[in-house]
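In what follows, a structure is listed as structure tokens, so that the remarks can point back to it.
The values are calculated or read from the model by the stated rules, or taken from the named source; none is laboratory data. Just so we're clear, the structure is a prediction, and the values are computed from it rather than from any experiment. Ideal geometry is used to build each Cβ from the backbone, glycine not excepted, and the neighbour counts take in all protein chains shown. Ligands, DNA and RNA are stripped out before the accessible areas are found, and what is left, the full protein with its side chains, is counted by its heavy atoms. Shrake-Rupley method; radii C 1.70, N 1.55, O 1.52, S 1.80 Å.
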Amino acid sequence: MESFRFCFLMLTIAILASPALSDLVLSKVDRRVENAGSEKESKVLLAFPEQQAKNMAYLIATPHEGKGKGKNPVVALPVEAANPKDMPAALTFYSVSLPKGLAEGDSFTFDVLAVFTHALRPIPEQITQADIQLVLYQDSAHYLSPYAVKVQSLSVKLPDSRIESYTKLENTKIHGSEIKYGPYENLPSFSYSPIAVHFESNLPFAVAHELVREIEISHWGNVQVTEHYKLIHGGAQSKGEFSRLDFQARPNVRGASAFRYLVANLPPRAHSVYYRDEIGNISTSHLRGDSKKTELLIEPRYPMLGGWRTAFTIGYGLPLQDFLFESDGKRFLNITFSSPMVELVIDALIVKVVLPEGSSDISVAAPFPVEQWQETKISHLDIDGRPVVALKKTNVVPEHNQFFQVYYHFSQLSMLREPLMLISGFFFFFVACIVYMHADISISKSSASYLAKQQWEEVQSVIQQLQNIISRCLTTHDNLEASLRDLSRTGNIQACKAARKAADGLLKELSKELKPLLTFLQSSPSAAQVLPKVEELVAKERELQEKVMVKHSTVVDGYEKKLGARDIENRVALQQQKLTALRQEVDDLLEFIDEI
């Protein structure tokens with residue numbers, strides 16, 4: 001290389017003043033190289049300072065087409081990292097391969113585009129809601145080149161004409177928002193002249209710390225794209241209080257550096273678009289489309305000031321026939337790699353392509369280096385899971401939003417797997433229903449459990465009959481008590497004796513009905529639990545019956561002897577106390593047996 005002299009016709013570096021939402025710096029260099037040596041040379045070195053190399057996200061070299069030829073397709077020149085000998089260690093080098101070697105006296109003009117991220121530093125680093133955002137850009141007025149430069153100039157284009165300060169050198173001119181340095185002639189190799197430009201830029205710096213794009217292919221006619229964003233405003237940090245009232249009243253003054261919306265240019269026939277976060281659906285979005293694109297304008301839940309963060313998800317469907325093709329017996333997906341968001345800087349981008357279950361022989365063709373691995377995703381009606389191709393790239397800029405391809409083999413018979421699973425599932429379900437409806441699943445009448453249940457039901461029926469008899473006996477006792485009250489009121493002894501005679505006859509009949517019921521309970525094993533209480537109930541009722549009869553005889557005898565009412569009450573007072581206690585015991589036993 002040392003035996004060659006290259007003449008650089010012109011060099012231009014521009015910070016593009018576009019409606020960008022990020023801190024992108026685009027460096028475009030037009031070069032004309034001429035070989036003044038005796039040997040053929042096919043490569044040219046590009047040099048970048050260490051800090052610029054760290055922030056460089058994209059680098060491309062293309063043949064210069066000249067004015068009026070920009071619409072023709074241009075093939076990029078190969079660019080690769082280089083490590084030349086005897087060069088400064090603080091510089092990073094790349095080599096550009098020319099289409100053909102340059103002989104002595106030959107020249108070639110080509111363009112170099114480099115995109116840098118996080119190259120603008122907010123000064124001051126913290127601002128209030130009412131402050132404007134000022135940023136600092138640092139570079140060299142002389143193009144850093146390992147070759148001697150014959151003629152060179154630099155143009156720095158700013159987004160606003162308000163410039164706080166800038167480095168003034170020889171041949172420096174300012175026109176509105178553009179600062180021009182040069183032209184400078186006959187510069188030696190590695191010539192460096194630092195410059196700094198401190199200017200106003202209220203363009204918000206939208207930075208995605210992480211973006212995960214999931215592209216799921218369904219051979220039933222749809223490509224589903226889901227994008228998970230973790231976004232931050234990467235500009236000057238906001239300090240102090242935030243007033244939404246002031247922001248809404250004067251958004252261009254009270255929060256000029258905040259971004260209120262983002263624009264995503266989706267493919268033309270995107271459908272089923274949604275925009276949501278962890279809380280739910282976000283309604284502040286607008287969708288409009290034409291034959292060339294579908295534009296989605298979304299607004300975060302709150303205006304984004306410097307340092308503020310948000311997370312949300314965008315999803316949409318695409319027609320399969322627009323993105324899936326076949327070539328040499330293999331299918332391949334042809335879709336863009338990066339985010340559809342306009343001018344978004346992405347620190348880490350992960351693209352996951354979910355292929356149909358049964359896909360094999362998977363390969364990826366990307367226009368730039370990416371980290372790659374494979375995963376498996378289990379979804380509905382899957383058996384082995386769906387293969388997932390994961391691609392990762394850091395420091396991604398809009399220039400990376402190029403088409404990439406994922407190739408794979410897929411059998412047509414595999415498409416029948418899920419329908420056959422559904423058909424089989426419904427078939428076996430209906431067969432099970434038919435079997436259930438026609439099968440006798442009742443308990444066998446000869447089984448021990450059925451016999452035990454039947455015996456218990458018989459015991460319950462007998463106990464119910466016994467309770468009814470006891471209740472009728474108690475009603476008879478109440479009738480006798482009522483006849484005594486009538487006797488005390490009317491003095492009709494004959495009527496009271498008639499009531500006694502009727503009660504005796506009824507109680508005898510009830511006693512006859514009670515005997516077979518007791519006999520059944522005593523002979524039934526299922527009644528063993530309740531039998532003691534039943535026998536106690538019958539005994540108490542008989543005792544109660546005897547005492548009622550004794551009381552009745554005592555009162556009637558007193559009236560026949562024409563004793564006074566007080567004397568009669570004194571004679572039966574003790575009997576009445578025993579009757580009350582017995583009646584309470586009988587009622588308690590009835591309640592206990594009823595609960596069983």
### Query
From the square roots a ≥ b ≥ c of the eigenvalues of the alpha-carbon gyration tensor of the range 142-274, which class results: rounded (a/c under 1.5), prolate (a/b over b/c), or oblate?
oblate
### Task
Report, in whole Å, the centroid distance computed from the Cα atoms of the range 351-382 and the range 531-573.
98 Å
### Task
Between A432 and K562, take the C-beta separation as r, use R0 = 60 Å, and let me know the FRET efficiency to the nearest 0.05.
0.10
### Message
Give me the percent of accessible area attributable to carbon and sulfur for the chain, probe 1.4 angstrom.
### Response
52 percent
### Summary
Yeah, the range 206-416 with a ≥ b ≥ c from its alpha-carbon gyration tensor (a/c under 1.5 is rounded, else prolate when a/b outruns b/c, oblate otherwise) is prolate
### Query
When the Karplus curve 6.51 cos²θ - 1.76 cosθ + 1.60 is applied with θ = phi - 60°, which whole-Hz ³J(HN,Hα) does each residue of the range 462-472 get, with x for Gly and Pro?
5, 4, 4, 5, 5, 4, 4, 5, 4, 4, 5
#### Entry: Residue-averaged 222 nm ellipticity for the chain, from DSSP H runs of 4+ at -39500 (n - 2.57), nearest 500
-10000 deg cm²/dmol
### Query
How big is Rg to Rh over the range 402-441, alpha-carbon atoms, Rh as the Kirkwood inverse-mean-distance radius?
1.45
### Query
How much area per residue is accessible in the range 449-595 when the probe is 1.4 Å and only protein heavy atoms are counted (Å²)?
59 Å²
### Summary
The correct ranking of H438, H380, H552 by accessible area at 1.4 Å, largest first, is H438, H380, H552
### Query
Once amide H atoms are placed 1.01 Å from N in the peptide plane, what residues at a sequence separation of 5 or more from R386, or on another chain, have their amide H within under 5 Å of its amide H?
K377, I378, S379
### Query
How much length is gained if the chain between S424 and M87 is pulled fully straight, taking 0.36 nm per residue apart and subtracting their Cα-Cα distance, in nm to one decimal?
114.2 nm
### Query
Mind listing the phi-derived Karplus ³J(HN,Hα) values for the range 222-232, rounded to whole Hz, using 6.51, -1.76 and 1.60 with θ = phi - 60°, and x for any glycine or proline?
9, 10, 9, 10, 10, 10, 10, 9, 10, 10, 9
#### Entry: Alpha carbon centroid spacing (whole Å) that separates the range 297-328 from the range 385-441
24 Å
#### Entry: Sorted peptide list for 348-356, 554-562, 221-229, criterion being average Cβ within 10 angstrom, highest first
348-356, 221-229, 554-562
### Summary
The set of residues whose placed amide H lies less than 5 Å from the amide H of F312, leaving out same-chain residues fewer than 5 positions away, is Y229, L231
### Message
Explain nothing, just the number: relative contact order of the range 234-380, from Cα pairs under 8 Å at least 6 residues apart, as a whole percent.
### Response
24 percent
#### Entry: Phi to ³J(HN,Hα) by Karplus 6.51 cos²θ - 1.76 cosθ + 1.60 over the range 491-496, Hz, x for Gly, Pro
x, 7, 5, 5, 5, 5
### Highest-first arrangement of 77-87, 505-515, where packing means the average Cβ count within 10 Å
505-515, 77-87
### Message
Checking the a/c ratio against 1.5 first, then a/b against b/c, what shape does the Cα gyration tensor give for the range 180-258?
### Response
oblate
### Query
Distance in nm between label sites at D587 and L574, each 7 Å beyond Cα in the beta-carbon direction?
2.5 nm
## Note on the structure
Straight-line reach check, K43, cutoff 21 Å on alpha carbons, 8 or more apart in-chain or any other chain, hits among lysines -> K28, K85, K100, K150
### Query
Where Rh is the Kirkwood radius over the Cα pairs of the range 449-595, the temperature 4 °C and the viscosity 1.567 mPa s, what D in µm²/s does Stokes-Einstein return?
77 µm²/s
### Query
For K501, which lysines qualify as cross-link partners when the Cα separation must be under 28 Å and same-chain residues fewer than eight apart are set aside?
K512, K515, K540, K547, K551, K561, K562, K578
### Message
For the range 85-151, what does the accessible surface come to per residue with a 1.4 Å probe? Please give it in Å².
### Response
44 Å²
#### Entry: Cα-based reach from K292 at 27 Å (exclusive), listing lysines while leaving out same-chain residues under 8 positions away
K67, K69, K71, K352
## Note on the structure
Non-local residues with an amide H under 5 Å from the amide H of Y147, with H modelled 1.01 Å from N and Pro and chain starts lacking one, are F190
### Projected area averaged over orientations for the chain, convex hull of C-alpha atoms, nm²
54.8 nm²
#### Entry: Value of Rg/Rh across the range 323-411 [Cα atoms, Kirkwood radius]
1.00
### Accessible surface of R485 - all protein chains present, 1.4 Å probe, nearest 10 Å²
140 Å²
